[in-house]
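Undergrad: Okay, here's the structure, questions in a sec.
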Amino acid sequence: MGRKFFVGGNWKCNGTTDEVKKIVTTLNEAKVPGEDVVEVVVSPPYVFLPVVKSLLRSDFHVAAQNCWVRKGGAYTGEISAEMLVNLDIPWVILGHSERRQLLNESNEFVGDKVAYALSLGRKVIACIGETLEEREAGTTIAVVAEQTKAIAAKVSNWDNVVLAYEPVWAIGTGKVATPAQAQEVHADLRKWVHDNVSADVAASLRIIYGGSVNGGNSKELASQPDVDGFLVGGASLKPEFIDIINAATVKN
Ligand SMILES: O=C(CO)COP(=O)(O)O
């Protein structure tokens, strides 16, 4: 099927210039499989994008953690997709649950953001995921399907999209989804894409898992057939991120 393993590091709102440089040094010295086996993308806070981009090894890439929904202008505090083009930042994370929950980003708003960033040639890590209440109510698939539908409504070409399934209850909690739980949702999502977008997109779309991934649990998660990589928060700030990148080898 040829879905290249993808490992993203979401640094969230963390770091000083010195800390960021230290993480980059660790990454630059790391022994990992080549770009033909794993695609690695790290996402520092906006203000550190230029320094990370300038220092980071050329086989790893950078992502912004968000961008504005339309062309930039009078939107205080935002950064635009045009700026990402200008700085040559290829990737952007959109729809992270922290923004959906804390900043009330709706499914439709996220769908519009994904479409706009793609229209400017950016690659998008689009995040979806259910809360604990939604899981306990048995609505996991309905929730993630609705979130995906709002993206599918605005997007016709999925080549530059990676879908990140991040259950909210697993983010930053140390409570990782079991490999079987992750596989079940990923398989259901792929089926949804098959039925509602196309068989080709379902076969080629990378669906990655996020939520308390670490060096210890990454290999077993990666061994699941529909888990095509990870979006890592806390552990992406630590040397164990290298172990998570190396989990890509279980696919070969
Ligand atoms: O939100 C996440 C990545 O986007 C996951 O965060 P943690 O890995 O810290 O649980």
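The numbers here are math on the coordinates, done by the rules we state, and not lab data. Here the structure is a predicted model, which means the values were calculated and not measured. We place every Cβ from the backbone using ideal geometry, glycine too, and count neighbours over all the protein chains shown.
Undergrad: Using a simple spin-label model with points 7 Å from Cα along the Cα→Cβ vector, what separation in nm is obtained for S198 and N14?
TA: Rounded to a tenth, the inter-label distance reads 3.9 nm.
Undergrad: Please give the calculated 222 nm ellipticity per residue for the chain, where each DSSP H segment of at least 4 residues contributes -39500 (n - 2.57) and the sum is spread over every residue; nearest 500 deg cm²/dmol? Please report the intermediate quantities before stating the final value.
TA: Working: 11 runs with 98 residues, N = 252.
That comes out to -11000 deg cm²/dmol.
Undergrad: Here's another thing I want to ask about it. For G15, what is the net charge nearby, where nearby means another residue's Cβ is under 14 Å from its Cβ and Lys, Arg count +1, Asp, Glu -1? Write down the numbers at each step before the final one.
TA: On the way: positive: K12, K21, K22, K238; negative: D18, E19.
Overall, the nearby charge balance is +2.
Undergrad: To continue, here is another question. So which lysines can K123 reach, going by Cα to Cα under 20 Å and dropping same-chain residues fewer than 8 places off?
TA: K4, K12, K53, K71, K113, K149, K154
Undergrad: Next question, about the same structure. Sort the chain into rounded, prolate or oblate with this rule: let a ≥ b ≥ c be the square roots of the eigenvalues of the Cα gyration tensor; rounded if a/c is under 1.5, and if a/c is not under 1.5, prolate when a/b is larger than b/c, oblate otherwise.
TA: rounded
Undergrad: Report the calculated FRET efficiency for V47 and N160 (r = Cβ-Cβ distance, R0 = 25 Å), to the nearest 0.05.
TA: Numbers: r = 25 Å, r/R0 = 1.00.
My answer for the efficiency is 0.50.
Undergrad: Can you tell me how much longer the chain between R3 and T25 gets when fully stretched, taken as 0.36 nm per residue apart minus their C-alpha distance, in nm with one decimal?
TA: Details: separation 22, 0.36 × 22 = 7.92 nm, distance 2.84 nm.
Contour length minus the Cα-Cα distance gives 5.1 nm.
Undergrad: Here's another thing I want to ask about it. Quick one: dipole size for the chain, taken about the Cα centre, charges +1 on Lys/Arg Cβ and -1 on Asp/Glu Cβ, in debye to the nearest 20. Each step should come with its number before you reach the end.
TA: On the way: 25 positive and 30 negative charges, 87 e Å.
Charge dipole of the chain: 420 debye, to the nearest 20.
Undergrad: Let me ask another. If we count every other residue with Cβ under 15 angstrom of G215's Cβ, Lys/Arg +1 and Asp/Glu -1, where does the sum land?
TA: 0
Undergrad: Take E82, project a point 7 Å from its Cα along the Cβ direction, then tell me which residues of region 122-154 have their backbone nitrogen under 11 Å from it.
TA: The answer is none.
Undergrad: How much FRET efficiency would the formula 1/(1 + (r/R0)^6) give for A74 and Q101, where r is the Cβ-Cβ distance and R0 is 25 Å, rounded to 0.05?
TA: On the way: r = 26 Å, r/R0 = 1.04.
Computed FRET efficiency for A74 and Q101: 0.45.
Undergrad: Also: Which Cα, out of W91, A202, W169, lies furthest along the positive dipole direction of region 5-250 (beta carbon charges, K/R +1, D/E -1)?
TA: Value: W91.
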